[in-house]
Every structure is written in structure tokens, then in C-alpha cells.
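A short worksheet on the structure shown next.
The values are calculated or read from the model by the stated rules, or taken from the named source; none is laboratory data. Source: prediction; values computed, not measured. All Cβ positions, even for glycine, are placed from backbone atoms using ideal geometry, and neighbour counts span all protein chains on display.
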Amino acid sequence: MWRIAGIVFFLGLMVAAGAAGQSGEDETETVRVEDSKGVVTYATDFSKAFGGGSLSAYRGDSKVEVPFERIAVLRTGRIVDSRMDVGLVLTTGRGLQVQLDRPEFESVYGGLTEFGNFRIRLAEVKSIEFSRRQKYDQSLGQRCPSAHIWYKETWRFCPYDGKALVPVKRSVPTTEEPRRR
């Protein structure tokens, strides 16, 4: 009897958390990968299989390390003399042209998809688009269209009406100049 009550209680907690829009994992980043054959795959937890969290490239005569969190779009180009041309769009909106050497464009990348694990070499990628959920100041919370405010970053929907939550943005403080007397 107590076991059944415990199981029912546990299932009730799981359903209540799911109804509140709470996710078990933090899906802050989704990528759209288009391969050289035009096949599009969406993945989370996308990263380089072996290596750091940045893209090692050449920009002119300098070597640069561009963190993946600063890249919004990556488009690969042709390979000439063991170097691959790559066009980047940074999260600031600025474009950047770089070149990758063979060890970098032969690297394997991977992520999780709805059908399981996904792996691909960068040389076989046509483009990668990163979609990141907007971060916000937790003290401001998230608001649903019905004006409810919630402070759980992992929640996506309002538990009262099921509408999507949008981060509350801090208003830009205005600076007043001192008045002349």
C-alpha cells in the first residue's frame, strides 16, 4: 500500500515539473548542420569531439582561436593547398573570413539528435547555424504574455496558461547631466 502511494507521489512530482515547463536538461544551444549533400540535422550539445571549445584558424598572418560561443553562423568554402576557407558570422553580427588547416577541418564534431548521436567531420559540413536561448538576469525573471513572471531559467512555458516565456530585459539606465544654475 505504501509502495503504491510512494510511486503515485513520485509520478505526480514528475508530471507537475513537466507541466510547469521545466526541462531536465538545459537546452541553451541548438545547431542546424547542413552537410555537403544538403542534408540538414538539428542537434544539441554540439562540440568538437577531441579538442577545446574554439575554432583554430588563420586570419591573414595571425593565428586566432575563435570560441564557439561567439560564432552565430559558420560556412565552409573550398579547400586549396591544405587550407579551407571559412566564413563566420559572429554573435555581434560582424563577418569574419578565416582559413583552417587540415587538422582543424578534419576534426570530428558531434551532438545529440532526436534519433541519437550525430558525428560529422568539418570538411563534410556546408554550414552550421547556432541558435542560443537568450540569457537573462535571473533577478528580472521571465514573463508570459499574461504578465506572470517566473524566475526559473529552465522553464520555457508558463505553468498557469502554457504560453511561452520571454526573458525580461533590463531597461537601459538614462544618465542625467547636472543642471546648470
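For the stretch 46-54, does any single residue satisfy the condition of being surrounded by 11 or more Cβ atoms within 10 Å (Cβ to Cβ), touching a Gly at 6+ places or on another chain (Cβ under 7 Å) and either at pLDDT 90 or above or not in a loop (DSSP other than H, G, I, E, B) (or both)? Yes, the conditions are met somewhere in the stretch 46-54.
Taking the stretch 27-45 as the range and being under 18 Å from Thr76 (Cα atoms) and assigned to a strand (DSSP E or B) as the test, the residues that pass are Val31, Arg32, Val33, Glu34, Asp35, Val40, Thr41, Tyr42.
Could you list all residues from the stretch 78-88 that are more than 14 Å from Ala57 (Cα to Cα) and not acidic (Asp, Glu)? Arg78, Val80 - these are the residues of the stretch 78-88 that are more than 14 Å from Ala57 (Cα to Cα) and not acidic (Asp, Glu). In this structure, does Glu29 turn out to be at pLDDT below 90, surrounded by 14 or more Cβ atoms within 10 Å (Cβ to Cβ) and closer than 30 Å to Tyr151 by Cβ? Spelling it out, Glu29 is indeed at pLDDT below 90, surrounded by 14 or more Cβ atoms within 10 Å (Cβ to Cβ) and closer than 30 Å to Tyr151 by Cβ. If you go through the stretch 55-82 and keep only what is surrounded by 14 or more Cβ atoms within 10 Å (Cβ to Cβ) and touching a helix residue (DSSP H, G or I) at 6+ places or on another chain (Cβ under 8 Å), you end up with Leu55, Ser56, Ala57, Thr76, Ile79.
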